[in-house]
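Here is the structure we will look at.
The values are calculated or read from the model by the stated rules, or taken from the named source; none is laboratory data. Please read all numbers here as calculations on a predicted model, not as lab measurements. Cβ coordinates were reconstructed from backbone atoms using ideal geometry, including for glycine residues, and neighbour counts include every protein chain displayed.
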Amino acid sequence: MKHKLLSISVLIFFVIPVIAQNVGLGTSSPNASAALDITANNRGLLMPRMTTTARNNIAAPAKGLLVYDSTLGTFTFHNGSAWTELLHTGNNVWLKNGSNIYTPATNVGIGTNTPAFGLHVVNSNAADGGWAQGIVVENINDPASAGEAGISFRNTSFAAGKQWTIGLNQSAPLAFNFGTTFAGGNTRMVIDTIGRIGMGTTSPDSSAQLHLNSTSRGLIVPRMTTSQRNAINGPALGLLVFDTDKHTLYMFDGSDWVAFVQQAPGFVPVTLRTVDTIPQSSTDIGIESAVFGELAVANCRYDYNGLTNVGCVLVYKKNGGRWDYIQQVLPDIPQTQLLFGWSLALNDSLLVVGSPKWNTSLTDKGKVWYYKWNGTEFVFLDSLAISNGQANDQFGFSVALRGNTLVVGAPQENTNGNDAGGIYVYTFNPATNRFGNRVRLAAPNAKAGDKLGYAVDVDGSYVVAGAPFHPFGAGLNKGIAHVWTGSGTSWGYQDSCTYASANTPYERLGLYLSLSGSNLVCGANYNATILNSASAVYFKRSGNAWINTQEIKSDDIDNSFSVPIVMTRGNWMIVGNSDEDHLGVPKGNVWIYALESGIWVRKRRVYNYTTNDLTQRWADSLGFDGTTIVIGSYTYNNSQGAVFFTTPND
């Protein structure tokens with residue numbers, strides 16, 4: 001009995017302190033903040049160990065209950081509703097290496113327990129500005145003195161420094177760099193604070209939303225066939241595509257697709273520059289045009305002081321990459337229906353302007369005016385007319401000027417028969433600033449109705465004139481071109497140029513013609529190969545003979561020549577066709593040829609289809625000085641007219 005009482009007394013002695021204060025095991029002074037302070041340097045604390053199944057079978061586990069899960073190999077605690085791993089181990093554990101932490105896990109999730117990517121961030125914030133719950137890369141340094149902040153992408157198989165970095169640096173708010181640093185030389189693209197994008201430059205121009213800068217590469221817009229382009233649903237105003245069938249860029253203008261420049265497959269397009277500045281009351285600009293060096297001229301209809309269709313000549317001067325309108329030239333004595341500028345010739349500093357409608361007491365006698373460039377404008381010198389001319393001579397219907405030699409056509413002159421025509425040659429004297437030494441030339445086989453002088457040209461010691469209505473046998477209006485050689489007041493007839501068989505009618509060879517050295521090209525109004533089309537015929541001089549060498553015709557029946565306008569200088573030939581049809585409407589085009597091994601080879605075809613301008617008639621006139629082509633379109637923009645500039649190899 002005594003022993004039992006002693007045991008109870010000892011137990012009470014130990015239990016009462018445990019209940020009353022903190023307990024220390026291995027220490028006599030447990031920490032005041034600890035209910036149980038275990039101190040040891042050669043043993044640990046062994047918690048209850050069990051499998052996941054046994055752990056889950058614990059009845060009503062207390063919140064915070066701690067056990068070691070031998071199945072998972074980690075401690076778990078109950079959070080009041082479920083068991084939670086205290087520390088991940090194995091392939092899912094976060095490990096520490098110096099000041100770095102890492103995990104060998106395949107995917108890491110933030111905001112998701114089922115990550116599908118290396119770093120998978122899920123933002124469930126639906127409010128505006130929820131992007132802040134994404135990933136933020138921040139540099140807290142003063143950007144004026146330091147700092148890049150970004151995300152880099154690299155492949156360890158690449159050479160050192162071959163990496164892409166997207167981020168912020170001092171020179172651009174957002175930069176895309178290739179290399180190890182944000183150095184300016186590594187920057188490939190930037191986006192500034194107002195959304196302007198620069199590629200190839202770190203400073204997008206303030207006027208550009210997208211600034212592309214390169215001296216070795218261009219821009220490729222979406223390329224597609226015509227049917228694919230037309231199938232675009234609801235194209236936006238200004239949408240650009242490259243049509244692989246038409247070989248040109250197209251823009252949607254809000255109602256139609258408009259081609260910038262079009263040409264035959266495989267050919268390089270030319271650059272077009274249009275002139276829009278014109279005097280008031282000017283219409284039908286571009287009925288006739290000419291160019292020499294940095295000066296160009298075009299005529300137009302013009303009403304003056306109550307007189308209708310007086311006409312005027314507009315002067316343009318090249319200014320860098322464009323042509324500026326600088327002067328309006330008017331006749332010294334305006335007349336109604338004068339059509340001043342019906343014919344034009346420009347060479348060096350001289351401008352010649354013809355009007356076959358000029359009247360004295362005789363109707364349509366015709367007259368020619370000439371001007372000289374003083375460095376700022378053309379100044380009137382004098383005028384030419386046939387002193388013994390007759391009504392309807394139409395002197396000045398055509399003019400040509402090369403060097404100091406001027407040729408003027410009077411296609412309805414009657415000296416050699418009614419409307420047989422004639423041409424007049426003048427020589428310019430720089431000392432007096434006047435043309436003189438007039439010589440009249442006539443064809444040896446002239447016939448009534450020939451209309452010699454309908455077209456004229458001159459080069460060096462050769463003069464050529466067309467008589468497009470000259471007949472041969474049964475070949476009515478067959479046409480012929482005549483060539484003279486000489487200088488000053490001495491000119492001798494050399495040869496005639498004809499086309500096809502003597503019985504083929506309506507060729508009208510010589511409606512247009514152009515001479516350059518030993519090469520003569522004549523427009524013919526009939527093509528024996530393609531019905532209702534025409535040709536340009538090439539004659540080459542051999543000794544004193546001009547040999548029919550080549551017929552130049554369209555190989556496309558839908559775009560065949562019709563009354564071709566021809567211009568040749570050196571090894572280039574320009575053929576204009578204002579009647580070329582597009583969708584049943586005459587639109588016109590220009591063909592560019594190069595002389596290769598004695599044969600004219602087509603290089604480019606250029607036209608300016610504007611689908612909302614149904615009467616454009618591209619290439620109503622042509623001017624060419626061997627370098628610059630001027631193209632007139634007098635019905636352009638509802639008959640306001642315009643002239644366009646390009647070069648044969650632009």
Handout entry: Subset of segment 89-100 that is touching a strand residue (DSSP E or B) at 6+ places or on another chain (Cβ under 7 Å) and either small (G, A, S) or surrounded by 10 or more Cβ atoms within 10 Å (Cβ to Cβ) (or both) - its residue that is modelled with the highest pLDDT
Key = W94
Problem - A400 out of contact with any Cys (no Cβ under 9 Å at 6 or more places or on another chain), within 23 Å of P468 (Cα to Cα) and either modelled with pLDDT under 95 or not polar (S, T, N, Q) (or both) - result: yes
Completion exercise
Picked from segment 456-493 (must be of a type in the set (V, I, T) and part of a strand (DSSP E or B)), the residue surrounded by the most Cβ atoms within 10 Å (Cβ to Cβ) is V456
Exercise for the section: Output the residue which, of all residues in segment 339-362 that are over 18 Å from G422 (Cα atoms) and hydroxyl-bearing (S, T, Y), is surrounded by the fewest Cβ atoms within 10 Å (Cβ to Cβ). Expected result: S361
Practice task
Quick one: in segment 312-364, of everything that is assigned to a loop (DSSP other than H, G, I, E, B) and of a type in the set (A, V, I, L, M, F, W, C), which residue is farthest from F380 (Cα to Cα)?
Solution key: L362
Handout entry: F380 being of a type outside the set (D, E, K, R), assigned to a loop (DSSP other than H, G, I, E, B) and in contact (Cβ under 8 Å) with a residue 40 or more places away in the chain
Key = no
Problem - Single residue of segment 423-454 satisfying the filter (touching an Asp or Glu at 6+ places or on another chain (Cβ under 9 Å) and at positive phi) that is surrounded by the fewest Cβ atoms within 10 Å (Cβ to Cβ) - result: N433
Problem - Residue that is in contact with a Phe, Trp or Tyr (Cβ under 6 Å, 6 or more places away or on another chain), at pLDDT 85 or above and not aliphatic (A, V, I, L, M), where the choices are G517, G523, G543, G570 - result: G523
Exercise for the section: Go through (1) in contact (Cβ under 8 Å) with a residue 40 or more places away in the chain; (2) in a strand (DSSP E or B); (3) more than 44 Å from the chain's Cα centre (by Cα) one by one and return the number of the condition G422 breaks. Expected result: (1)
Problem - Those residues of segment 402-419 which are β-branched (V, I, T) and in a loop (DSSP other than H, G, I, E, B), in sequence order - result: T415
Practice task
Pull up segment 623-634, narrow it to residues that are crowded, with 24+ Cβ neighbours inside 10 Å and not small (G, A, S), then point me to the one that is nearest to N299 (Cα to Cα).
Solution key: Y634
Completion exercise
Taking first residues from segment 430-445 that are closer than 18 Å to Y462 by Cα and second residues anywhere that are among the basic types (K, R), the pairs with Cβ under 8 Å that are 6 or more apart or on different chains are none
Exercise for the section: Take V399 and decide whether it is surrounded by fewer than 16 Cβ atoms within 10 Å (Cβ to Cβ), assigned by TED's automatic domain parsing to the domain that holds T360 and either over 15 Å from A442 (Cβ atoms) or among the charged types (D, E, K, R) (or both). Expected result: no
Handout entry: Residue within segment 414-424 that is modelled with pLDDT of 95 or more, touching a His at 6+ places or on another chain (Cβ under 9 Å) and closer than 14 Å to G366 by Cβ present
Key = yes
Problem - Output for segment 101-112, where each listed residue is assigned to a loop (DSSP other than H, G, I, E, B) and at pLDDT below 85 - result: T103, P104, A105, T106, G111
